[in-house]
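Chemist: This structure is in structure tokens; I'll ask about it shortly.
The values are calculated or read from the model by the stated rules, or taken from the named source; none is laboratory data. This is a predicted model, so every value here is computed, not measured. Note: ideal-geometry Cβ built from the backbone for every residue, glycine included; neighbour counts use all protein chains shown.
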Amino acid sequence: MFKTNEYFDGNVKSIALESAEGRATIGVMAKGEYEFGTSTIEIMTVTSGKLEVLMPGETEWKTYKKFETFVVEKGVKFRCRATEDTPYLCLYK
């Protein structure tokens, strides 16, 4: 049915599903800072709260709020800071 994933000692959890838009996860990040790697293009949408994101090659963090989306390229690492528990939707392309 659904596959659950857990990262960073349980501070990031997600449920994988096949949505109408393709492969996706719905998850939550506990307050903290994380570095993720990508194997596909990822389209991330914050569903509540906010995330601060530092993309590869950038020097300034950008803040994404409720219902804002950012795209992460395939094969890179990027950093996220959650200033509060923050849920998200991630679509994989």
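Chemist: Do we have Thr59 as under 23 Å from Ser19 (Cα atoms) and over 12 Å from the mean Cα position of the chain (by Cα) here?
Modeler: It is false that Thr59 is under 23 Å from Ser19 (Cα atoms) and over 12 Å from the mean Cα position of the chain (by Cα).
Chemist: Same structure again: Which count do you get for residues in segment 71-93 that are closer than 20 Å to Leu17 by Cα and part of a strand (DSSP E or B)?
Modeler: Total meeting the criteria: 9.
Chemist: Still on this structure: Against the conditions (1) surrounded by 12 or more Cβ atoms within 10 Å (Cβ to Cβ); (2) out of contact with any Gly (no Cβ under 9 Å at 6 or more places or on another chain); (3) among the hydrophobic types (A, V, I, L, M, F, W, C), where does Val76 fall short? Just the number, please.
Modeler: With (1) surrounded by 12 or more Cβ atoms within 10 Å (Cβ to Cβ); (2) out of contact with any Gly (no Cβ under 9 Å at 6 or more places or on another chain); (3) among the hydrophobic types (A, V, I, L, M, F, W, C) applied to Val76, the lone miss is (2).
Each row is one residue, and each column tells you yes or no for (1) touching a residue at least 40 places away in the same chain (Cβ under 8 Å); (2) hydrophobic (A, V, I, L, M, F, W, C).
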position: Met1; (1), (2): no, yes
position: Thr4; (1), (2): no, no
position: Tyr7; (1), (2): no, no
position: Ala20; (1), (2): no, yes
position: Glu35; (1), (2): yes, no
position: Ile41; (1), (2): yes, yes
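Chemist: For segment 15-37, give me each residue that is closer than 17 Å to Lys93 by Cβ, hydroxyl-bearing (Ser, Thr, Tyr) and modelled with pLDDT of 95 or more.
Modeler: Result: Thr25, single match.
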